[in-house]
Amino acid sequence: MFVKDRDDLTEYLKHENETRGLHSDGWEKEYELQYAWDKQASFLKAQSMAIKILEGLLARYEDMVVKYELKGYVVEEHRLRVDKLRAEVEKIKAGSDDNLLDKVIDEEGLGK
């Protein structure tokens, strides 16, 4: 989906067939050319679809919160997350956590 400039052109090998004939033996190759505007249009289409899916998921989540009367729990969860982030920021500001990055990596299991 990366487009370098308006003259960007990508050439993909669509398929190839072995040819055998009286006058020629070899491979026949068919390429597909993708111009910058085609790549940009494909990217915008994919992005639009992703946004529509996200909107649908958010709507389902909101419906579920209302249906199962979870609004109070959701608000409380968000408040607790904010409190946790504030506490982590205070630790960093106080300098009490010398190697915070390593700690976060270990806690999140990202080092594995």
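Every read-out reported here was derived from the displayed coordinates using simple, explicitly stated rules and does not represent laboratory data. Remember, it's a predicted structure, so these values are computed and weren't measured experimentally. Please note: Cβ atoms are built from the backbone with ideal geometry, for glycine as well, and neighbour counts cover all protein chains shown.
Observations, loosely collected:
- Residues Trp37, Trp27, sorted so that the one with the fewest Cβ neighbours within 10 Å comes first: Trp27, Trp37
- Note that the stretch 61-70 has calculated 3J(HN,Hα) couplings of 4, 4, 4, 5, 4, 5, 4, 9, 6, 9 Hz, one per residue in order, obtained from phi through the Karplus relation 6.51 cos²θ - 1.76 cosθ + 1.60 (θ = phi - 60°); glycine and proline are x.
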